[in-house]
Amino acid sequence: MNVTEGKDGYGFMIDWIIRIGDLLLINVFFLLAFHFFYDSTPVGNMYSREFMTAFLLINLCYFFIASFIRFHISSNVVYLDSIVQKSSVFIALYAFLITTGFSVFNIVSIPVLPWIVGFFILATLFITWHILFRVVLKIYRRRGYNYRQVIIIGGSQNAVKIHKSLLISDFGYKVMGFFDDDPNKKDLLPNYLGKISEVKAYTQDVEVDEIFCTLPGSEDQTIVDLITYSEKNMIRFHLVPEFNKFIKRRFSLMFLESTPVLSLRNEPLQHFSNRLVKRTFDLLFSILVLLAVFPIIYIIFGAIIKATSPGPVIFKQKRTGKDGRIFNCYKFRSMRPNKEADKLQATAGDSRITKVGAFMRKTSIDELPQFINVFKNDMSVVGPRPHMLKHTELYSSIIDKFMVRHLVKPGITGWAQVTGYRGETKTVEEMEGRVVRDVWYLENWTFFLDLKIIYLTIINVFKGDANAF
């Protein structure tokens with residue numbers, strides 16, 4: 001096999017394989033559905049007008065949605081969460097269009113529940129197919145096929161970091177080496193290829209797909225020359241700015257007209273559409289819980305709480321909310337009335353906790369009244385857990401990013417809670433770990449991340465959590 005064949009690895013066919021796989025899956029799914037459920041109707045007859053109209057709609061709707069929703073499964077860098085999210089949105093829009101089309105053309109009358117279940121099954125198959133294809137593609141690239149050859153210009157610390165990141169072969173990059181004008185870097189860099197002036201000659205002899213330039217801004221003329229050369233020779237050019245001296249984390253780039261502006265972080269919930277989605281879900285979910293579950297739990301556990309210890313059924317505590325605002329957080333009372341309630345966290349074997357309180361805390365039943373907070377818009381179903389005022393005052397003075405977590409509404413459950421940081425924080429390091437995860441959540445929020453956290457929370461309730469006490 002020659003070098004070019006190994007490099008490309010039939011990469012030009014990847015997107016075609018994905019599309020053909022999508023169409024086969026969707027068409028076979030509907031074909032089986034029509035055969036098993038509508039065999040005695042016109043739509044079950046392959047030679048009927050209704051059948052032809054149905055399959056024309058099935059395929060036209062796919063191509064219509066595929067024209068503006070791109071999965072990027074074959075991209076060098078893509079994550080499974082993104083695949084799940086885009087595939088789910090695709091099927092949701094597809095279901096809407098198909099339902100509308102079938103109704104308009106009066107193709108078949110379908111009961112609501114089987115229709116919903118059918119599309120849920122289709123969504124599961126669709127997502128599974130995309131994930132499996134991505135996994136196979138990563139294995140294929142790991143074996144040395146379908147990669148992009150890149151060179152790195154510059155030998156700075158930034159260049160070394162880029163090199164380490166690109167070495168993850170699953171992403172489909174092959175780093176050919178470094179170019180730098182400092183000859184002393186020859187023994188320090190993994191594969192020194194020569195001076196920057198030799199880049200053009202090298203790319204004439206070796207096929208290079210992409211260039212990562214890590215030169216400082218003072219080398220502006222050299223950078224401009226390399227950009228011009230890259231574009232003339234159809235080489236993708238990436239400029240890696242030297243922000244690592246003062247920003248050692250991910251950041252967000254925006255433009256005020258043509259002026260680039262760096263923000264310290266990306267915040268998806270700054271967008272109105274995302275806030276609307278999250279708030280709509282919070283309202284619907286909280287109303288469902290408050291009407292269907294809360295009254296029963298309140299009657300049962302309210303009676304037990306009253307019978308086993310003096311004090312109110314609902315415990316109210318002032319906690320820090322979004323933008324540092326203070327609100328009353330509601331819980332089923334799980335402790336005997338005590339003066340330390342607003343100062344000390346619950347600990348393992350805490351003598352203040354009642355017997356029924358221990359059970360409620362272990363199963364998270366004590367948090368159920370917080371759906372009232374969600375309905376009132378003090379909290380969200382998912383978000384950083386709200387802390388008592390004493391802890392906010394303490395940790396904000398010793399952890400730099402502690403208050404960043406208050407840029408979003410606190411939640412009943414959160415990313416930190418489902419990744420091992422639930423319950424008591426005995427050390428500053430443990431609190432820092434929680435803060436890191438809370439900040440990650442607000443920087444990476446998606447509706448599907450919220451659903452994932454809710455799912456993991458429910459699993460932990462049934463499985464049991466060692467930190468729940």
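Model label sites at Thr363 and Glu393, defined 7 Å from Cα along the beta-carbon direction, differ in position by 3.7 nm.
With a simple spin-label model that places each label point 7 Å from the Cα along the Cα-to-Cβ direction, the separation between Leu25 and Glu198 comes to 4.8 nm.
Report the gain in length on full extension from His35 to Arg49: 0.36 nm times residue separation, minus Cα-Cα distance, nm rounded to one decimal. Before the final figure, lay out each step's value.
Numbers: separation 14, 0.36 × 14 = 5.04 nm, distance 1.57 nm.
Stretched fully, the His35-Arg49 segment lengthens by 3.5 nm.
Dividing the Cα radius of gyration of region 320-455 by its Kirkwood radius returns 0.94 for Rg/Rh. Between Leu456 and Asn106, the C-beta separation translates, for a Förster distance of 35 Å, into a calculated FRET efficiency of about 0.20.
Between Phe63 and Asn233, the contour length at 0.36 nm per residue exceeds the Cα-Cα span by 57.9 nm.
For region 262-389, compute the orientation-averaged projected area of the C-alpha convex hull (one quarter of its surface), in nm². That works out to 9.3 nm², a quarter of the Cα hull's surface. Shown for Asp22, Asp366: other C-beta atoms within 10 Å of each C-beta, ranked fewest to most, produce the order Asp22, Asp366.
Using the Cβ-Cβ distance between Lys339 and Ile287 with R0 set to 35 Å, the FRET efficiency works out to roughly 0.45. Simple spin-label estimate for Val261 and Trp440 gives 2.9 nm between the two label positions (7 Å along the Cα-to-Cβ direction from each Cα). When the alpha carbon gyration tensor of region 126-218 is reduced to an equivalent ellipsoid, its three semi-axes come out at 30, 14, 11 angstrom, largest first. Counting neighbouring Cβ atoms within 10 Å and putting the fewest first, the residues Ile131, Ile151 line up as Ile131, Ile151.
For region 114-128, the Karplus equation 6.51 cos²θ - 1.76 cosθ + 1.60, evaluated at θ = phi - 60°, returns couplings of x, 5, 5, 4, x, 6, 5, 5, 4, 4, 4, 5, 5, 5, 4 Hz by residue, with Gly and Pro reported as x. Here the Karplus relation 6.51 cos²θ - 1.76 cosθ + 1.60, evaluated at θ = phi - 60°, turns the backbone of region 148-165 into coupling constants of 10, 8, 10, 10, 10, 9, x, x, 6, 4, 4, 5, 5, 5, 4, 4, 4, 5 Hz, with x for every Gly and Pro. From its DSSP helices (H runs of at least four residues, each -39,500 (n - 2.57)), the chain gives a residue-normalised ellipticity at 222 nm of -16000 deg cm²/dmol. Taking R0 as 22 Å, what's the FRET efficiency between Lys355 and Thr419 from their Cβ-Cβ distance, rounded to 0.05? Calculated value: 0.15. Amide H contacts for Lys318 (H built 1.01 Å from N in the peptide plane; partners 5 or more residues away or on another chain; cut-off under 5 Å): Cys329. Of all lysines in the structure, the ones whose alpha carbon falls short of 25 Å from that of Lys409, not counting any fewer than 8 places away in one chain, are Lys278, Lys316, Lys318, Lys322, Lys331, Lys343, Lys362, Lys376, Lys390, Lys401, Lys426, Lys452.
Quick note: the coordinates plus some simple rules give every number you see, no bench work behind them. This structure is a prediction, so every number in the text was calculated from the model and none was measured. Cβ atoms come from the backbone with ideal geometry, glycine included; neighbour counts cover every protein chain shown.
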